[in-house]
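The values are calculated or read from the model by the stated rules, or taken from the named source; none is laboratory data. Just so it is clear, the structure is predicted and the values come from calculations on it, not from any experiment. All Cβ positions, glycine included, derive from the backbone under ideal geometry; neighbour counts span all protein chains shown. When the accessible area is computed, the model is the full protein with side chains, heavy atoms only, and any ligands, DNA or RNA have been set aside. Shrake-Rupley method; radii C 1.70, N 1.55, O 1.52, S 1.80 Å.
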Amino acid sequence: MSSASSSVRRIAATALAAGAIVSAAALPAAAHDGDRHHQQRPRVEISRVQADSPGREDRSNRSLNAEWVEIRNTTRDSINLRGWTLRDSDGNRYRFDNVRIGSRATIRIHTGSGRDTRTDLFQDRRNYVWDNRSDTATLRDDRGRTVDTESWGHRR
């Protein structure tokens, strides 16, 4: 072997090794970036919360119903929420009956009493559920898996 071809082989081997190391180091970062872009939003999500009933909080049905949580279906398919639950941090729980939320539709779950419709559901409570200063609304599916949460304020 000539010393020139031996040097060329060593340089080529060094370059290939360096390229392999750089590629290996870059791969996890590239894979992570790809995963971040493929994470899906929840199919059903808590889209808004009105925890602080506007006006005077006098426990009237009107005031109780001005406290609500809005849930949105982000998919093209309707979803049956039978057995799903909505909870606050204190453990107050609302369980959905045979409620179907339409494609890209929104429903509001009011604290007080009323007649359930396609867009409004009522917990039939006589006390406020959501803490005005800080709380967490947790939506769970019929298997108890957390689907979405919405928090506000600071818990102490």
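For region 77-89, give me the residue count where each residue is closer than 20 Å to Ser103 by Cβ, among the charged types (D, E, K, R) and either touching a Ser or Thr at 6+ places or on another chain (Cβ under 7 Å) or open to solvent by less than 10 Å² (accessible area, probe 1.4 Å) (or both).
Qualifying residue count for the region: 1.
For Thr119, indicate whether it is surrounded by 16 or more Cβ atoms within 10 Å (Cβ to Cβ) and either β-branched (Val, Ile, Thr) or touching a residue at least 40 places away in the same chain (Cβ under 8 Å) (or both).
Details: surrounded by 16 or more Cβ atoms within 10 Å (Cβ to Cβ): no; either β-branched (Val, Ile, Thr) or touching a residue at least 40 places away in the same chain (Cβ under 8 Å) (or both): yes.
So Thr119 does not fit the description; no.
Hey, among the residues in region 30-48 that are open to solvent by 80 Å² or more (accessible area, probe 1.4 Å) and assigned to a loop (DSSP other than H, G, I, E, B), which one's modelled with the lowest pLDDT?
Gln39
Can you pull out the residues in region 49-76 that are touching a strand residue (DSSP E or B) at 6+ places or on another chain (Cβ under 7 Å), over 19 Å from Val99 (Cα atoms) and surrounded by fewer than 17 Cβ atoms within 10 Å (Cβ to Cβ)?
Gln50
Take region 91-116 and flag every residue that is among the charged types (D, E, K, R) and either on the phi > 0 side of the Ramachandran plot or open to solvent by less than 30 Å² (accessible area, probe 1.4 Å) (or both).
Just the residues of region 91-116 that are among the charged types (D, E, K, R), to begin with: 93, 95, 97, 100, 104, 108, 115-116.
Answer for region 91-116, where residues must be among the charged types (D, E, K, R) and either on the phi > 0 side of the Ramachandran plot or open to solvent by less than 30 Å² (accessible area, probe 1.4 Å) (or both): just Arg104.
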